[in-house]
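Enquirer: After the structure tokens below, expect a handful of questions from me.
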Amino acid sequence: MRRFDLRHLRDEPNQAVLKRLGEILDSSVSAGEVVIFMVEVVDFDLVEQSAEFVRARGDTLMNSLRFNRVDWTLVVKKGA
């Protein structure tokens with residue numbers, strides 16, 4: 001399982017983070033593969049928006065966990 005760190009985008013708008021997440025899923029992840037994305041949550045809306053974004057793409061959000069005060073992991077399985 002590979003991990004992609006998006007925490008460096010913490011100062012970018014949520015849409016920029018979601019765009020990068022989608023680009024990674026499109027270019028670097030195979031169908032059926034499970035990957036972990038790490039994001040820094042300054043605004044909790046990013047967590048909700050990312051869940052909706054993943055679902056709308058046809059992928060599966062398998063887990064969404066806060067692992068310290070600001071960092072969050074999203075475990076995503078890419079759809080077919």
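Enquirer: (1) over 15 Å from ASP5 (Cβ atoms); (2) out of contact with any strand residue (DSSP E or B) (no Cβ under 6 Å at 6 or more places or on another chain); (3) free of Cβ contacts under 8 Å to residues at least 40 places away in the same chain: which one isn't true of ASN68, the others all being true?
Expert: Among (1) over 15 Å from ASP5 (Cβ atoms); (2) out of contact with any strand residue (DSSP E or B) (no Cβ under 6 Å at 6 or more places or on another chain); (3) free of Cβ contacts under 8 Å to residues at least 40 places away in the same chain, the lone unmet condition for ASN68 is (1).
Enquirer: Select from region 24-80 the residues that are more than 20 Å from PRO13 (Cα to Cα) and among the polar types (S, T, N, Q) and list them in ascending order.
Expert: Scanning region 24-80 gives SER27, SER28, SER30, THR60, ASN63, ASN68.
Enquirer: Return the residues of region 1-11 that are modelled with pLDDT of 95 or more and exposed (fewer than 13 other Cβ atoms within 10 Å of the Cβ); say none if nothing qualifies.
Expert: Within region 1-11, ARG2, ARG3, ASP5, HIS8 meet the criteria.
Enquirer: Which of the residues that make up region 71-80 are open to solvent by 60 Å² or more (accessible area, probe 1.4 Å) and over 11 Å from the mean Cα position of the chain (by Cα)?
Expert: ALA80 - this is the single residue of region 71-80 that is open to solvent by 60 Å² or more (accessible area, probe 1.4 Å) and over 11 Å from the mean Cα position of the chain (by Cα).
Enquirer: Please go through (1) under 19 Å from ALA16 (Cβ atoms); (2) open to solvent by 70 Å² or more (accessible area, probe 1.4 Å); (3) not β-branched (Val, Ile, Thr) for PHE67 and return the number of the only condition it doesn't satisfy.
Expert: Evaluating PHE67 over (1) under 19 Å from ALA16 (Cβ atoms); (2) open to solvent by 70 Å² or more (accessible area, probe 1.4 Å); (3) not β-branched (Val, Ile, Thr) leaves (1) as the failure.
The values are calculated or read from the model by the stated rules, or taken from the named source; none is laboratory data. Predicted, not measured: the structure shown is a model, and the values here were computed from it. With ideal geometry, Cβ positions are generated from the backbone for all residues, glycine too; neighbour counts draw on all protein chains shown. Accessible surface areas use protein heavy atoms only, side chains included; no ligands, DNA or RNA. Shrake-Rupley method; radii C 1.70, N 1.55, O 1.52, S 1.80 Å.
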